[in-house]
Every structure is written in C-alpha cells, then in structure tokens.
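The values are calculated or read from the model by the stated rules, or taken from the named source; none is laboratory data. Computed from a predicted structure; not experimentally measured. Because the Cβ atoms are built from the backbone with ideal geometry, glycine has one as well, and the counts that use them run over all protein chains shown. With ligands, DNA and RNA removed, areas are computed over all heavy atoms of the protein, side chains included. Shrake-Rupley method; radii C 1.70, N 1.55, O 1.52, S 1.80 Å.
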Amino acid sequence: MKIHTLFLLLLITACSVKESEQQSIEMDEDIITVGNGSELPYLFKDNSGGIYISWVEETDEKVEFNYATFNEDGSWSEPILITKGNDWFINWADYPMIATLKGEQMIAHYLSKSSEDTYSYDVSILTSQNGGNDWSTPKVLHDDGKKAEHGFVSMLPYVDNFFIGWLDGRNTSMEEGHHGQMTLRGAIVTPKGEKLKEWELDDRVCDCCQTGAAITSNGPVIVYRNRSDEEIRDIYITRLVNDKWTEPQAVYDDGWEIMGCPVNGPRVTAKGLNVAVAWYTASPYARVNLAFSNDGGGTFSQPIQVDESEPLGRVDVALIDEKSAFVTWMEVAEIKGAIVTNNKIVKRFSIATSSSSRGSGFPQMEIIGNKVLVAWTDIEDNRIKTKLIEL
C-alpha cells in the first residue's frame with residue numbers, strides 16, 4: 001500500500017492540474033461494524049450536527065429497530081431499541097428511518113402489515129420526547145384506511161415540526177373495484193406525532209422508487225420518480241413556497257420510457273437556496289446524474305454524469321458548500337463517490353466493495369466537517385459497516 005501511495009503521489013505531481021482533478025483515490029480508513037445481523041442502514045444528521053444511524057435486525061420471530069449516535073472519537077454509541085414487532089413489511093429498498101429536532105424530540109417510522117396481502121402495509125410512526133429513551137405507541141401516519149401500499153418515506157425537521165413525504169397507494173386498492181395510480185403525499189407532523197396538514201402532491205407517480213426531501217430557505221422540497229401516461233419515468237420536484245405547493249416539474253427531461261418501476265429513487269440536499277439532486281437513469285444509457293439549483297429548486301443546471309461505467313444507481317448526495325456536493329452511487333460491486341464543484345468532478349473515490357444483489361441495499365452518507373461518513377450493508381459479513389473519508 002505504501003508503494004502504491006508513493007506511485008500515486010508521483011503520478012499526481014507529474015500530471016497537469018486538469019488531469020490530477022480526475023484521479024481516483026482508494027481509501028483505506030478503518031471500517032466500523034454495526035451489530036451482528038444488521039441491515040437497512042439509514043444515516044441522519046440533525047440541525048445541530050449530531051449524526052444518527054438506524055437499522056433493523058431480523059430473525060424468524062421478530063424484527064428489532066435500533067439506532068445509535070456517532071461519537072466524537074469516531075465510534076458509535078451502544079444501540080438503543082426503538083421498537084420491535086412481528087407484523088412488519090421488510091423491503092430491501094424501503095427502509096425504516098429516524099429524524100430528530102436537536103437530539104431530544106425524535107420521530108421514527110417503519111412499515112407494518114395491514115392485511116395478509118403481500119403489498120398491503122402502512123407507514124407507522126412513533127415519537128420520543130427524551131432523546132430516544134422512551135418511545136410512544138406506534139400509529140399510522142395516513143388516515144385513508146385502505147389495505148394498500150404505503151411507503152418510501154422522506155422525513156426531516158421543518159421549523160419546530162417534521163415534514164414527511166411518502167408514496168401512497170390508496171387509489172390502487174382493489175377495495176374500490178379498480179386499480180388506480182400510486183400518488184405522492186406530504187404532511188406536517190408535530191414532535192408528538194400529531195398531523196397538522198396533509199397534501200396530495202402528485203396523483204400519478206412511479207410505484208416503488210424512493211422519495212427524497214430537503215429544506216430550503218423557502219420551505220420543503222421533495223423529489224421523486226414521476227410516471228406519465230406514456231410511461232416516461234423521469235425525476236420530478238415539487239416545492240412548498242408561501243404555503244403552497246408548486247406544480248411538479250422535471251429536474252431534467254431524461255425521457256426514460258420504462259414499463260416497470262426501476263426501484264431506484266433520487267436524493268436531494270439543500271443549503272439556503274442552493275439545491276443538488278442526484279439520480280439514476282437509463283436513457284439514453286445507464287448513468288448517474290447530478291444537477292444543481294441556486295433558486296431553491298425552481299430551475300436546474302444541465303446535469304453532469306458522475307459515474308465511470310456500469311452504474312447501478314442507489315445514489316446519495318450532500319452539499320459541502322454552495323458550489324460543491326459529494327455524491328455516492330454503486331457501480332457493479334463497488335460503492336463510488338465524487339466531489340463535484342461548479343459542475344465539474346474534482347475528485348473521485350473508491351469507497352468500498354459491495355454486491356449488486358438486493359441484500360446490499362442502498363448505501364447512505366452524511367458530511368461531518370471535512371469528512372464523509374458512509375454506511376452500507378456487507379452481505380458477506382452479515383452486518384452494517386461504516387467508514388469515514390477525508391474530503
């Protein structure tokens with residue numbers, strides 16, 4: 001490794017600035033494991049900079065939903081049990097998550113079966129008022145009462161409450177004698193789990209791609225995979241501005257026509273009015289795109305392709321500053337990353353080996369100062385691993 005590093009340094013010195021900006025860097029920081037049998041990681045950074053990881057541990061009898069906090073020494077705290085049950089819907093792409101208001105008031109969600117039908121489940125939420133030591137009794141977020149799909153949640157603090165977005169299948173229920181369309185809905189929920197407002201944001205969306213949400217200076221934005229009558233499934237955004245949601249619009253017109261859901265949703269990040277969106281598309285060929293906005297998501301720059309070859313998608317993104325973002329994705333059996341500044345890739349990272357199988361899930365990441373924390377499921381070791389990377 002020392003010989004390789006020396007060679008890399010010599011190579012960078014010999015190259016021009018333009019060439020050095022494109023070097024791929026192999027990382028060898030220590031990897032921290034999280035829980036035997038752990039899977040479905042989710043990373044969350046609160047408004048005070050605290051970092052949390054949630055995950056599940058599944059046995060034949062039950063599912064346990066846990067979380068831990070990231071310590072200053074680079075370790076994780078002892079796991080704290082949020083809740084457990086035996087009537088959950090566990091899906092590799094639709095994972096439980098937590099969010100906090102400065103660490104004390106917390107909210108979490110998971111998917112609970114509403115009938116014996118395979119795709120009949122609800123979004124159950126529960127809250128804590130004392131930093132996760134005690135949790136409320138779970139309750140269903142939506143009030144349609146339909147035995148249908150509800151999931152692919154985005155959840156984050158918004159002023160003194162939480163904004164939650166989700167895919168809602170109430171119109172797809174066969175209880176009405178027909179099969180309608182999946183919809184996108186949003187709600188404002190108090191730290192005690194009381195719903196203040198709820199909206200239908202789009203009446204026809206892709207059935208099983210993740211949503212992504214961020215808070216701009218104007219308010220929440222949510223990104224998702226739309227579904228046109230012609231089966232064009234591009235990434236769309238809608239924004240809450242002056243207490244009114246804008247008409248959904250494409251982040252970019254990829255023109256991806258696909259008859260089934262690719263199970264590969266977008267992610268979004270924001271600071272003030274600066275927004276970045278990362279997503280996967282297969283039109284005209286498989287690639288991972290990143291686009292920036294400086295007006296709160298009203299308009300976007302031309303996207304830049306960040307992958308090198310054979311991407312699987314499974315993206316995440318975070319803003320470093322108003323002009324730079326760190327984006328992660330999967331290529332074949334590897335987790336990749338890149339710093340993008342002013343629509344140019346300035347550094348690439350090979351983060352970890354992984355697997356293209358569903359069991360490897362969706363890698364997660366958050367920025368901590370001048371480092372990036374990445375979490376993923378290692379299916380060979382049957383546990384979650386996390387890693388810190390210098391920017």
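Key figures
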read-out: Residue that is surrounded by 22 or more Cβ atoms within 10 Å (Cβ to Cβ), of a type in the set (Gly, Ala, Ser) and more than 15 Å from the chain's Cα centre (by Cα), where the choices are Ser354, Ser350; value: Ser354
read-out: Test: residue in the range 191-203 that is within 22 Å of the chain's Cα centre (by Cα), part of a loop (DSSP other than H, G, I, E, B) and not charged (D, E, K, R); value: yes
read-out: Filter result for Arg267 (more than 26 Å from Glu310 (Cα to Cα), at pLDDT 95 or above and within 20 Å of the chain's Cα centre (by Cα)); value: no
read-out: Residue match in the range 125-134 (condition: surrounded by fewer than 19 Cβ atoms within 10 Å (Cβ to Cβ), more than 18 Å from Arg267 (Cβ to Cβ) and among the hydroxyl-bearing types (Ser, Thr, Tyr)); value: no
read-out: Qualifying residue in the range 254-269 (condition: more than 30 Å from Pro138 (Cα to Cα) and not in a loop (DSSP other than H, G, I, E, B)); value: yes
read-out: Every residue from the range 141-152 that is open to solvent by 50 Å² or more (accessible area, probe 1.4 Å) and either out of contact with any Ser or Thr (no Cβ under 6 Å at 6 or more places or on another chain) or touching a residue at least 60 places away in the same chain (Cβ under 8 Å) (or both); value: Asp143, Gly145
read-out: Odd one out for Glu366 among (1) surrounded by 24 or more Cβ atoms within 10 Å (Cβ to Cβ); (2) in contact with a Lys or Arg (Cβ under 8 Å, 6 or more places away or on another chain); (3) part of a strand (DSSP E or B); value: (1)
read-out: Residue match in the range 99-120 (condition: open to solvent by 30 Å² or more (accessible area, probe 1.4 Å) and touching a residue at least 60 places away in the same chain (Cβ under 8 Å)); value: yes
read-out: Residue match in the range 318-327 (condition: of a type in the set (D, E, K, R), in contact with a strand residue (DSSP E or B) (Cβ under 7 Å, 6 or more places away or on another chain) and at positive phi); value: no
read-out: Residues of the range 204-232 satisfying the condition of being open to solvent by 10 Å² or more (accessible area, probe 1.4 Å), aliphatic (A, V, I, L, M) and over 17 Å from the mean Cα position of the chain (by Cα); value: Ile232
read-out: Matching residues, the range 52-62, being open to solvent by 10 Å² or more (accessible area, probe 1.4 Å) and under 15 Å from Ile384 (Cβ atoms); value: Tyr52, Glu57, Glu58
read-out: Tally, over the range 272-300, of residues that are without any contact (Cβ under 8 Å) to a residue 40 or more places away in the chain, more than 22 Å from Leu240 (Cα to Cα), part of a strand (DSSP E or B) and not basic (Lys, Arg); value: 1
read-out: Sole residue being farther than 14 Å from Ala214 by Cβ, in contact with a Leu (Cβ under 8 Å, 6 or more places away or on another chain) and not polar (S, T, N, Q), chosen from Ile345, Ile335, Ile339; value: Ile339
